[in-house]
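Undergrad: Below you'll find the structure I mean.
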Amino acid sequence: MTQYWFARRRAEDIGKPAFKGRFYPMVWQGWAVVGVFLGAMALGVLLLFESARLGAGLVMSLIPFIMLTAFGAGVIMLATVSKGDPDHTVAQYRAGEVGKGREHV
């Protein structure tokens with residue numbers, strides 16, 4: 001049994017490849033992945049401002065922000081591809097139409 005963390009946001013996205021459709025978190029693990037993405041971006045912004053304040057050049061200030069944002073984006077993309085249900089929507093899960101306890105074979 002696989003527990004999905006994400007499902008399609010809209011019914012018209014069903015059948016599209018994972019990277020072309022919209023996914024929405026359903027359980028706390030999915031929200032945690034979103035939190036990692038936002039936290040990485042926030043840390044990147046803090047490092048950007050701090051390195052700019054210390055007198056680093058623009059490029060040197062942008063490097064940590066770009067690296068942390070790319071890391072966060074990679075985490076969220078990997079999670080949606082590996083833990084996303086491409087065949088059902090969040091509304092179907094909430095209505096109880098798909099599997100018990102958000103688990104699907």
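Undergrad: In the range 27-105, which GluC sites (Glu not before Pro) fall in coil by DSSP and have 16 or fewer other Cβ atoms within 10 Å?
TA: Here the GluC sites (Glu not before Pro) that fit, given the DSSP loop and packing criteria, are GLU97.
Undergrad: Taking a point 7 angstrom from the Cα of ALA11 along the C-beta vector, which residues in the range 51-89 have backbone N less than 18 Å away?
TA: The answer is 86-89, whose backbone nitrogens lie closer than 18 Å to the label point.
Here, each number is a calculation from the coordinates, and none is a lab measurement. Just so you know, these numbers come straight off a predicted model, no measurement behind them. Glycine gets a Cβ as well: all are built from the backbone with ideal geometry, and neighbour counts include every protein chain shown.
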